[in-house]
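In what follows, a single structure is set out as structure tokens and then discussed.
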Amino acid sequence: MLESLKEKVLKANLQLVKNRLVLFTWGNVSEIDRASGLVVIKPSGVEYADMTAEDMVVVDLNGNVVEGKLRPSSDTPTHLEFYKAFPDVGGVTHTHSTYATAWAQAGRDIPFYGTTHADYFYGDIPCARSLTQAEIEGEYEKNTGLAIIEKFHASNLKPLEVPGVLIKSHGVFAFGKDGDQSVYNATVIEEVAKMASITEAVNPQAKRADQFMMEKHYMRKHGKNAYYGQKK
């Protein structure tokens with residue numbers, strides 16, 4: 001079942017290691033097959049070096065295991081809430097990458113300081129609120145997803161325009177049209193977080209860059225009249 005998607009999701013998870021976004025088992029990637037409504041995700045707690053495509057777990061949108069010998073990632077309920085809330089999202093990545101997680105632990109959005117940021121994110125990278133004690137002691141992973149969705153709805157954000165989010169005291173979730181793109185965006189978040197950290201170290205009074213710069217750089221790559229790169 002979904003054998004080609006399992007191979008793809010395995011490779012996307014291994015890319016986390018290659019891009020130095022994870023240590024040990026500190027992350028996961030999933031992708032949804034919208035035609036069937038099934039999601040393929042990394043198994044829980046399995047070392048990346050040991051994983052095979054057969055280890056990938058297939059679940060439905062209610063979290064039921066449809067195929068797989070191993071338990072799915074403990075973050076599966078978070079991924080599923082995103083797929084249910086955001087029809088355009090086809091892939092989700094979760095990491096605890098160092099710089100971005102530091103911003104999450106500080107409870108801060110990552111401000112728009114320059115063009116690298118604007119090439120990928122149409123606005124600051126948001127940080128969702130802390131979960132309450134009741135939310136943590138209840139359906140923790142599901143509530144993590146709901147807190148992020150709450151943040152996107154309250155701020156009128158679109159997950160493919162701002163394809164990533166921090167959650168207070170936790171880490172990073174990135175979105176994409178598929179798993180590969182979500183890994184790409186998680187990698188960009190880490191680099192932008194690193195740049196922002198260094199920016200504030202060099203100049204603690206650094207100001208957010210001008211909105212017109214944001215408009216120019218984001219739109220030349222993603223807008224209706226985008227001209228970055230080659231014609232497809």
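General observations
- Just one of the listed residues (Asn156, Asn225) is at positive phi, open to solvent by 30 Å² or more (accessible area, probe 1.4 Å) and more than 11 Å from the chain's Cα centre (by Cα), namely Asn156.
- Scanning the range 23-43 for residues that are over 19 Å from Phe82 (Cα atoms), part of a loop (DSSP other than H, G, I, E, B), among the basic types (Lys, Arg) and open to solvent by 30 Å² or more (accessible area, probe 1.4 Å) turns up nothing.
- If only residues of the range 109-130 that are within 17 Å of the chain's Cα centre (by Cα) and open to solvent by 50 Å² or more (accessible area, probe 1.4 Å) are counted, the one that is nearest to Ala147 (Cα to Cα) is Arg129.
- Considering residues of the range 44-68 that are modelled with pLDDT of 95 or more, open to solvent by 50 Å² or more (accessible area, probe 1.4 Å) and of a type in the set (D, E, K, R) only, the residue farthest from Tyr140 (Cα to Cα): Glu54
- Filtered residues of the range 131-153 (kept if free of Cβ contacts under 8 Å to residues at least 24 places away in the same chain, aliphatic (A, V, I, L, M) and open to solvent by 40 Å² or more (accessible area, probe 1.4 Å)): Ala134, Ile136
- Among all positions in the range 82-98, there is no residue which is open to solvent by 60 Å² or more (accessible area, probe 1.4 Å), outside any helix (DSSP H, G or I), among the aromatic types (Phe, Trp, Tyr) and farther than 18 Å from Lys42 by Cβ.
- When Ala186 is tested against (1) touching a helix residue (DSSP H, G or I) at 6+ places or on another chain (Cβ under 7 Å); (2) open to solvent by less than 10 Å² (accessible area, probe 1.4 Å); (3) part of a helix (DSSP H, G or I), exactly one condition is not met: (1).
- Looking only at the range 189-212, residues that are part of a loop (DSSP other than H, G, I, E, B) and either touching a strand residue (DSSP E or B) at 6+ places or on another chain (Cβ under 9 Å) or without any contact (Cβ under 8 Å) to a residue 24 or more places away in the chain (or both) come to 5 in all.
The values are calculated or read from the model by the stated rules, or taken from the named source; none is laboratory data. If you're wondering where the values come from, they're calculated on a predicted model, not measured in any experiment. All Cβ positions, even for glycine, are placed from backbone atoms using ideal geometry, and neighbour counts span all protein chains on display. Accessible surface is based on the protein model in full, side chains and every heavy atom, while ligands, DNA and RNA are left aside. Shrake-Rupley method; radii C 1.70, N 1.55, O 1.52, S 1.80 Å.
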